[in-house]
Amino acid sequence: MTPPVISPTGGWIGTAIFVLIFLAALALFGLRSGKLVALLAKARPEDRTDHLDDRIGDFFLIVLGQSGVLRDPLPGLAHFFTFWGFIVIQFGLLNLILGAFNGSLPLLGDNPTFAIILDAFVILVLLALILFTIRRGIVRPKQLSSSLHGPLDGFIILGLILLVIVTLALVEGFEYAASNGAAWTPIGAFMAPVLSTVRPEVNVFWYRAFWWLHILTVLGFLVYLPRSKHLHLMATPFNVFFRNYNSKGALPLLENIEERDDYGVSKAEQFTWKELLDGYACTECGRCNTVCPAANTGKPLFPKEIVLGVKESLLSRSQEILGEKSVFTRFEDKPVQDEVPEHAPLIRGTISTEALWACTTCMACMEICPVSIEHVPKIVDMRRSLVMEESDFPQEVTSLFNNIERNGNPWEISNDKRAEWAAGLEVPLLAENPDADVLYWVGCMGSFDRRNQQVATSVAKILKAAKVNFAILGPEESCTGDPARRIGNEYLWQMQAQQNIETLNGYGFNSGDTHNGHAPGSNGAAKHRTIITACPHCFNTIGNEYPQLGGNYDVVHHTVFIDKLLAEEKLALPQGFDERKLTYHDPCYIGRYNDIYDEPRRVLTVLNNNGITEMRRHRNKSFCCGGGGGRVWMEEKIGKRVNQTRINEALETDAEVLAAACPFCITMFEDGVKGVEAEEKMKVEDISEIIARAIDAKVETR
Ligand code: SF4
Ligand code: SF4
Ligand code: SF4
């Protein structure tokens, strides 16, 4: 280790004082960090150690590469430089600290290349700070504010980072001047013409003064960091590393539901440790608020506030959770934000029930979050508590629950009538054709809703045209339970799921079964059996959630199946048959939930040479129709209507047809078209209806 040219502490007394302050700062940092970890340890356990390769890969991409924040170019770049500047400056800091002990950082301490890199980051971070200050102080985008605390915290952190940068530059400047250029750094050399005119002992004095100020600022930052919103700097790398690698579309299973005392989350500590870590990791960037259909239409739901609400409730109740005797609560017994009342309850405290009911579970918030925060499971966890522990839910869903339970569908209609839509279409029941290759899962909307029965008819027509050996379950099919689960009635979902799994397994559709329910072929191999459905909600819950109860099926959305039929030339369509200008709405439950974006577009493009005129928000940025998460069954009493907002976006494209791929979307959009009085301008059609019309005109099958 090369000793510094000038001792920054001026002798052993200064060094001893430094050591004492340093240890005190470490202790304060450790106390707060220990408390945060202790709170996580009290939460529900959850295993997030699978997919180690992916975790490491994504850590590099999202944490080190900052790919999440870079989706927003300007603030993204500023964050990128601040993040890397933060890391590089730590090495510079270590070097300064070692100076107190008459040493320096091996390899880097007196390395001019490192000095250049360090100073480049000093400048870049300074530029980033200017941008952040303009954004926070002048532009003030709405998404940066929070109802749980004011903007002061953000400015304190900006001020501290600025002080760190400025004092570092001054340390370099005065050290260079005091050492006659022996301690070379670009910033030192830059300041030399001014500082070299000052007497050497004055330069030494100011070098030491700024060294102390720099060190004290950094230590102050260290103490303040875990107590501030910038806690995310510490938590984000862990949060990204422990992100979810299971099916995006699957809500967590409430295990042993018959024997439990709790049925959801009403207190922060009932979340899993990962759900709580989300709160620590939130950067408060507000990106989630900007894409939320509820927030965008005046509902009292802001996904950022959900995440922060969980954190605030957790921290304000830390004494209760950790116990008064805990070393952490004895020293750390104040809530972080004075504005939050002590012992803030979660639901109806930091989070309102109106916010919870406004969510469409569209997952736009999770998709855009740069630090892999999972909002939807939290919202549903709290809904579960409201529904199953308190029976507190919008009264209009009472009949939904009752009907699903009694009739196996959301209406007061006997399930015996489930196959009536197919009368005269010669669609066999699975009971009549148990060896069918394909089961068409019609779903409640396709079976009973008059508008969506037309979609079911179109799907059947396509399957017949392609000579697919298929059947439907008819009265043996029961609601998948998806709306019940999203609304929070996990009990009802499990009942429905078990019943359907029993039926499907009875016909041998479980992909784990030997020979998959079919007699083996001459080569002894099992025949492949598929379930197709036109409902993204059925598709998601059967495909991603039924495995939680032992039902593993090959489920395909009808748009994907049609795309495959076309690719395999089992279905030929008259190219360019439908040249109307069309736009396509990506349903959340096949798009963001299951990454199906290309197949529906490919299918539509076969018929339409002009392709698709995309809406402003499409693919993974698609804006929900407003019907998911059980919202289609609830009244929309607050703000603008989500469906009309989306219809207005569709109208901006001047398309004549809004192509859809979800029965709930169709219902919501047809209402929306009426609501904005655009019936003359725009038709809403399922992709299968467009295809079926082409088949009627000309069918070419092999
Ligand atoms: S899932 Fe959709 S509606 Fe719910 S909070 Fe997220 S963005 Fe908003
Ligand atoms: S939850 Fe994610 S997107 Fe929303 S404010 Fe926090 S970090 Fe930003
Ligand atoms: S109904 Fe369609 S757009 Fe609406 S939430 Fe479901 S999939 Fe999304």
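The values are calculated or read from the model by the stated rules, or taken from the named source; none is laboratory data. Because the structure is a prediction, the values reported are computed rather than measured. We place every Cβ from the backbone using ideal geometry, glycine too, and count neighbours over all the protein chains shown. These area figures cover heavy atoms from the full protein model, side chains too; ligands, DNA and RNA do not enter into them. Shrake-Rupley method; radii C 1.70, N 1.55, O 1.52, S 1.80 Å.
Being in a helix (DSSP H, G or I) and either within 16 Å of ligand 3 (Cβ to nearest atom) or surrounded by fewer than 24 Cβ atoms within 10 Å (Cβ to Cβ) (or both) is the filter here, so list the residues in the range 388-408 that pass it. Show your work before the answer.
Going residue by residue through the range 388-408, those that are in a helix (DSSP H, G or I) are 388-389, 397-407.
Across the range 388-408, the qualifying residues are 388, 389, 397, 398, 399, 400, 401, 402, 403, 405, 406, 407.
Is at least one residue of the range 566-589 within 16 Å of ligand 2 (Cβ to nearest atom) and either modelled with pLDDT of 95 or more or small (Gly, Ala, Ser) (or both)? Reasoning before the result, please.
Here is the first cut: in the range 566-589, the ones within 16 Å of ligand 2 (Cβ to nearest atom) are none.
Looking for residues that are within 16 Å of ligand 2 (Cβ to nearest atom) and either modelled with pLDDT of 95 or more or small (Gly, Ala, Ser) (or both), one finds none in the range 566-589, hence no.
The rows are residues; the columns are (1) among the basic types (Lys, Arg); (2) modelled with pLDDT under 90; (3) outside the structural domain of residue 233 (by TED's automatic domain parsing).
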position	(1), (2), (3)
35	yes, no, no
51	no, no, no
55	yes, no, no
59	no, no, no
76	no, yes, no
87	no, no, no
104	no, yes, no
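Quick one: how many residues across the range 280-304 are within 23 Å of residue 157 (Cα to Cα) and either more than 15 Å from the chain's Cα centre (by Cα) or more than 9 Å from ligand 2 (Cβ to nearest atom) (or both)? Talk me through it step by step, then tell me what you get.
Let us first name the residues in the range 280-304 that are within 23 Å of residue 157 (Cα to Cα), namely 280-289, 304.
Those left that are additionally either more than 15 Å from the chain's Cα centre (by Cα) or more than 9 Å from ligand 2 (Cβ to nearest atom) (or both): 280.
Result for the range 280-304: 1.
Which of the following residues is open to solvent by 20 Å² or more (accessible area, probe 1.4 Å), of a type outside the set (Phe, Trp, Tyr) and outside the structural domain of residue 635 (by TED's automatic domain parsing): 413, 379? Walk me through how you get there before you give the answer.
Details: 379 fails: open to solvent by 20 Å² or more (accessible area, probe 1.4 Å).
Being open to solvent by 20 Å² or more (accessible area, probe 1.4 Å), of a type outside the set (Phe, Trp, Tyr) and outside the structural domain of residue 635 (by TED's automatic domain parsing) holds for just one of 413, 379, which is 413.
Among the listed residues 551, 628, 591, identify the single one that is assigned to a loop (DSSP other than H, G, I, E, B), in contact with a helix residue (DSSP H, G or I) (Cβ under 8 Å, 6 or more places away or on another chain) and in the same structural domain as residue 508 (by TED's automatic domain parsing). Even if it seems obvious, please write down each step before you answer.
On the way: 628 fails: in the same structural domain as residue 508 (by TED's automatic domain parsing); 591 fails: in the same structural domain as residue 508 (by TED's automatic domain parsing).
Going through 551, 628, 591 in turn, the sole match is 551.
Between a first residue in the range 610-639 that is under 14 Å from residue 301 (Cβ atoms) and a second residue that is hydrophobic (A, V, I, L, M, F, W, C) and within 16 Å of ligand 2 (Cβ to nearest atom), which pairs have beta carbons less than 7 Å apart while being 6 or more apart in sequence or on different chains?
What qualifies is 624/362; 624/364; 628/362; 629/359.
Tell me, please, whether a residue that is modelled with pLDDT of 95 or more and within 11 Å of ligand 2 (Cβ to nearest atom) can be found in the range 342-349.
There is no residue in the range 342-349 that is modelled with pLDDT of 95 or more and within 11 Å of ligand 2 (Cβ to nearest atom).
Does residue 596 fit the bill of being away from ligand 1 (no atom under 14 Å from the Cβ), farther than 17 Å from residue 666 by Cα, open to solvent by less than 30 Å² (accessible area, probe 1.4 Å) and over 29 Å from the mean Cα position of the chain (by Cα)?
On the way: away from ligand 1 (no atom under 14 Å from the Cβ): yes; farther than 17 Å from residue 666 by Cα: yes; open to solvent by less than 30 Å² (accessible area, probe 1.4 Å): yes; over 29 Å from the mean Cα position of the chain (by Cα): no.
In short, no.
Looking at (1) over 29 Å from the mean Cα position of the chain (by Cα); (2) assigned to a loop (DSSP other than H, G, I, E, B), which is the only condition residue 674 fails?
Condition not satisfied by residue 674: (2).
If I ask for residues that are more than 10 Å from ligand 1 (Cβ to nearest atom), part of a helix (DSSP H, G or I) and open to solvent by 10 Å² or more (accessible area, probe 1.4 Å), which ones from the range 281-304 would you list?
Listed by number, the list holds a single entry, 287.
Please note which helices (runs of 4 or more DSSP H) are completely contained in the range 170-273 and include at least 2 residues that are of a type in the set (Phe, Trp, Tyr).
Numbers: elements: 186-195, 200-224, 232-241.
The helices (runs of 4 or more DSSP H) meeting that bar are 200-224, 232-241.
Which ranges mark the helices (runs of 4 or more DSSP H) fully within the range 1-118 that have 2 or more residues being surrounded by 18 or more Cβ atoms within 10 Å (Cβ to Cβ), touching a Phe, Trp or Tyr at 6+ places or on another chain (Cβ under 9 Å) and among the basic types (Lys, Arg)? Spell out how you get there, then give the answer.
Numbers: elements: 12-41, 52-58, 73-99.
The qualifying helices (runs of 4 or more DSSP H) are 12-41.
Residue 592: among the basic types (Lys, Arg), more than 21 Å from residue 244 (Cβ to Cβ) and modelled with pLDDT of 95 or more, yes or no?
On the way: among the basic types (Lys, Arg): yes; more than 21 Å from residue 244 (Cβ to Cβ): no; modelled with pLDDT of 95 or more: yes.
Spelling it out, it is not the case that residue 592 is among the basic types (Lys, Arg), more than 21 Å from residue 244 (Cβ to Cβ) and modelled with pLDDT of 95 or more.
With respect to residue 435, determine if the residue is over 21 Å from residue 539 (Cα atoms), at pLDDT below 95 and surrounded by fewer than 21 Cβ atoms within 10 Å (Cβ to Cβ). If you could, list the steps in order and put the result at the bottom.
On the way: over 21 Å from residue 539 (Cα atoms): yes; at pLDDT below 95: yes; surrounded by fewer than 21 Cβ atoms within 10 Å (Cβ to Cβ): yes.
Against the criterion (over 21 Å from residue 539 (Cα atoms), at pLDDT below 95 and surrounded by fewer than 21 Cβ atoms within 10 Å (Cβ to Cβ)), residue 435 qualifies.
At pLDDT 95 or above and outside any helix (DSSP H, G or I): does that describe residue 444? Steps first, please.
Numbers: at pLDDT 95 or above: yes; outside any helix (DSSP H, G or I): no.
Answer is no for this residue.
Return the pair list, or none, for Cβ contacts closer than 7 Å from residues in the range 273-300 that are closer than 22 Å to residue 346 by Cβ to residues that are small (Gly, Ala, Ser) and within 16 Å of ligand 3 (Cβ to nearest atom), at least 6 apart or on different chains.
Close Cβ pairs satisfying both conditions: 289/295; 292/364; 294/358; 299/358; 300/358.
Assess whether residue 130 counts as being within 16 Å of residue 168 (Cα to Cα), open to solvent by 80 Å² or more (accessible area, probe 1.4 Å) and not hydroxyl-bearing (Ser, Thr, Tyr).
Details: within 16 Å of residue 168 (Cα to Cα): no; open to solvent by 80 Å² or more (accessible area, probe 1.4 Å): yes; not hydroxyl-bearing (Ser, Thr, Tyr): yes.
No: the conditions fail for residue 130.
For (1) at pLDDT below 95; (2) within 16 Å of ligand 3 (Cβ to nearest atom); (3) among the β-branched types (Val, Ile, Thr), each residue gets a yes or a no:
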| position | (1), (2), (3) |
| --- | --- |
| 253 | no, no, no |
| 257 | yes, no, yes |
| 272 | no, no, yes |
| 277 | no, no, no |
| 285 | yes, no, no |
| 295 | no, yes, no |
| 337 | yes, no, no |
| 340 | yes, no, yes |
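Name the single residue that is nearest to the chain's Cα centre (by Cα) among those in the range 353-385 being within 13 Å of ligand 1 (Cβ to nearest atom) and more than 30 Å from residue 59 (Cβ to Cβ).
360
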